[in-house]
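Below you'll find the structure, written out as structure tokens, and then a few comments.
The values are calculated or read from the model by the stated rules, or taken from the named source; none is laboratory data. Here the structure is a predicted model, which is why all the values come from computation and not from measurement. Every residue, glycine as well, gets a Cβ built from its backbone with ideal geometry; the counts of neighbours run over all protein chains shown. Ligands, DNA and RNA are stripped out before the accessible areas are found, and what is left, the full protein with its side chains, is counted by its heavy atoms. Shrake-Rupley method; radii C 1.70, N 1.55, O 1.52, S 1.80 Å.
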Amino acid sequence: LELERLTRLIERWLALELERPPFAVVAVEAPRVARFAGLEFSLRVDRIDQDDDGRAVVIDYKTGTCKAGDWQPPRMDQPQLPCYALADESGAVGAIAYARLDREAPRWVPGPTPEEWELALDAWHEDLERLAEELAAGLAVVAPKRGAATCRHC
């Protein structure tokens, strides 16, 4: 049963991949290092593609809930993809996306548009620097992002 389930999931995903404009997979499980506020973070990028324009697209596979708002500052809920994008020293990364592997409706959750890209990078860098500074300082202030909605589970 599990083999059949996974086969259906992979077939749906591959059909979605075939709808994309031409691209090349250039890295899978690629190690990277990100530096923020003097701290070094070891990363492993799920996948990096290169599109026809030469732009690198950083992809993170997700089987659970994910949305584009996950990487919106301040205090990003899921800073992983922004970290990956900022860790690229070549300057080739020009897009991020979640690859949402949903059994019913797999889909792409794209990041900022090309027009928004530079502003997003600046905002992500600022947010991650601030969070790393707090971490380096040992700051652990209780500051829930969503106030009472967060605290009702505390």
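Assorted remarks:
- Local electrostatic count at PRO21 - Lys and Arg +1, Asp and Glu -1, tallied over other residues with Cβ under 14 Å: -4
- Backbone phi angles across region 34-46, fed through the Karplus curve with coefficients 6.51, -1.76 and 1.60 (θ = phi - 60°), yield HN-Hα couplings of 10, 10, 9, 6, x, 9, 10, 10, 8, 10, 9, 7, 4 Hz in residue order; Gly and Pro are listed as x.
- Extension gain for GLU4 to ALA27 (0.36 nm times residue separation, less C-alpha to C-alpha distance): 5.5 nm.
- Note on the chain: antiparallel DSSP beta bridges, both residues inside, total approximately 75 percent of the bridges counted.
- Of the peptides 141-150, 80-89, the ranking by mean beta-carbon count within 10 Å, highest at the top, reads 80-89, 141-150.
- Length-normalised contact order of the chain in % [C-alpha pairs under 8 Å, at least 6 apart]: 20 percent
- Heavy-atom surface analysis with a 1.4 Å probe gives region 31-154 a carbon and sulfur content of 53 percent of its accessible area.
- With helices as the sole contributors, the chain gives -10000 deg cm²/dmol at 222 nm; each DSSP H run of n ≥ 4 counts as -39500 (n - 2.57), and the sum is divided by every residue.
- Ranked packing of 126-132, 62-68, most packed first, by mean Cβ within 10 Å: 126-132, 62-68
- Derived scalar couplings between HN and Hα for region 11-21 equal 4, 5, 5, 5, 4, 5, 4, 5, 7, 6, x Hz in order, rounded to whole Hz, by the Karplus curve 6.51 cos²θ - 1.76 cosθ + 1.60 (θ = phi - 60°), x for Gly and Pro.
- Anisotropy class of region 108-154 from Cα gyration tensor, a/c 1.5 cut: oblate
- Extension gain, THR63 to ASP77, is 3.4 nm, computed as 0.36 nm per intervening residue step minus the present C-alpha separation.
- Around the amide H of ILE96, modelled in the peptide plane, lie the amide H atoms of VAL58, GLY111, all under 5 Å away and 5 or more residues distant in sequence or on another chain.
- The amide H of ALA27, built 1.01 Å from its N in the peptide plane, has ILE48 as neighbours under 5 Å, considering only residues 5 or more places off or on other chains.
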